[in-house]
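Reviewing the structure listed below.
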Amino acid sequence: MNSFSYVAIEKDGKERKGSIEAPSEELAITQLKADGLIPLSVSAQSFMTKDLNLSFGTKVKPRDYSLFCRQILGIIAAGVNIIDALDIVAEQTENKHLRKAIKETQYGVEKGDGLAVSMRTQQEIFPAILINMVEAGESSGNLEIAFDRMASHFEKEAKLKAMIKKAMIYPSVVGLVAIGVIIVMMVVVVPNFENLFSQMGTELPWITRAVRNTSQFITSNILWLAGLVAAIVAGIKFYKKTPNGELLFAKMALNMPVFGKLNMKSYCSRYARTISTLLSAGIPLMDAIEITAKTIDNVVVKNTLLKAKEEVARGVPLSIPLKSSGIFPSMVCHMTKIGEETGNMEAMLERLADYYDEEVDIATQSLSAVLEPFIILFLAVIVCILIASIMSPMLQMYKDMDNL
């Protein structure tokens, strides 16, 4: 498939620019006409003019999705048709990826496609849970309820991620500061004292010699060390993308001291809330499990849910494969089983999600409280070593002068 840039006129006379993929220029023009556009110019994109995706990580954040759902909900509740609602929201959306997806969705609806069908053409931007909820809302005539539930869902997901990020900010910042202080001391401060040390004429204390030798090694090989660190980081990132690497890091995320329990609690919250949201909209359980698995970035948890889906397809209750996996806590399995027995799984899982949201909040606060003294102690040890390495020769010199 080749990429082509085009300029076309829409049915209402507006000019539209964009890109399209097609085997040839003629087929690109045919496709544009089939979409109800009048092509003015179509040209093949070169390497320099081809649309580039320079985004890193997640293109659209949960907070953006929540705002999108709230805006659509407010506008259509006021009696505005969905085409105009999408146009208004697109103009107010700051995230360029989401804005483009909304505009493409609007064009699809204008052609006569349903909202969910049009959103599905942009499924690299719109998550599966949102598309399926919109589809369920269109089928039942409760589109406003669907957007309201999704807005609440994304708001809670954004809050959950914010709590986890908050727990990681303090140790990360302090760790970077500690590394920076050590580098400055080793590369700048210690070498400045080296001449003073060499003029003393006495044997330097072992701690001073150790720090001096370390400083000399770093300053003499700083480029090699920087290259080594960069190579290690690149190697880890590359290995992490391989199946074995993805599995290894997923297991590490679940088994790390302190952080492992925090990660698992966040996955439990996402599992419970996503399935509850989908079931409440009438989505079949098997589809809900598959969509939920796609929202979880840990391959171990994801594979567990996908295997559970296969068991459910054979008539096995969901709680049984979850329990036999040994991955999910007993609380998750127990609440899921109660939901199955009472026939009210969505309500049980909603309560379970609220419980784990509180658990994540408590865990993040506890994590910060535990890490702070260890980080302070670590910095104190480093500073004491550096101060001792500098002051020990001076104290020895003063002692020798007093003996004279």
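The values are calculated or read from the model by the stated rules, or taken from the named source; none is laboratory data. As the structure is a prediction and not an experimental result, all values here were calculated from the model. Quick note on the areas: whole protein, heavy atoms, side chains included, nothing else; ligands and nucleic acids left out. Shrake-Rupley method; radii C 1.70, N 1.55, O 1.52, S 1.80 Å.
When the solvent-accessible area of region 254-387 is split by element, carbon and sulfur atoms take up 61 percent of it, the probe being 1.4 Å. Summarising the amide proton neighbourhood of Gly18: residues at separation of 5 or more, or on other chains, whose placed amide H is nearer than 5 Å comprise Tyr6.
For the pair region 305-370 / region 121-140, the C-alpha centres are spaced 24 Å from each other.
As a fraction of the 1.4 Å probe accessible area of region 18-174, surface on carbon and sulfur atoms comes out at 55 percent. A helix-only calculation puts the chain at -24500 deg cm²/dmol for mean residue ellipticity at 222 nm, using -39500 (n - 2.57) for each DSSP H run of at least four residues, averaged over all residues. Rolling a 1.4 Å probe across the protein heavy atoms gives region 158-308 an accessible surface of 57 Å² per residue.
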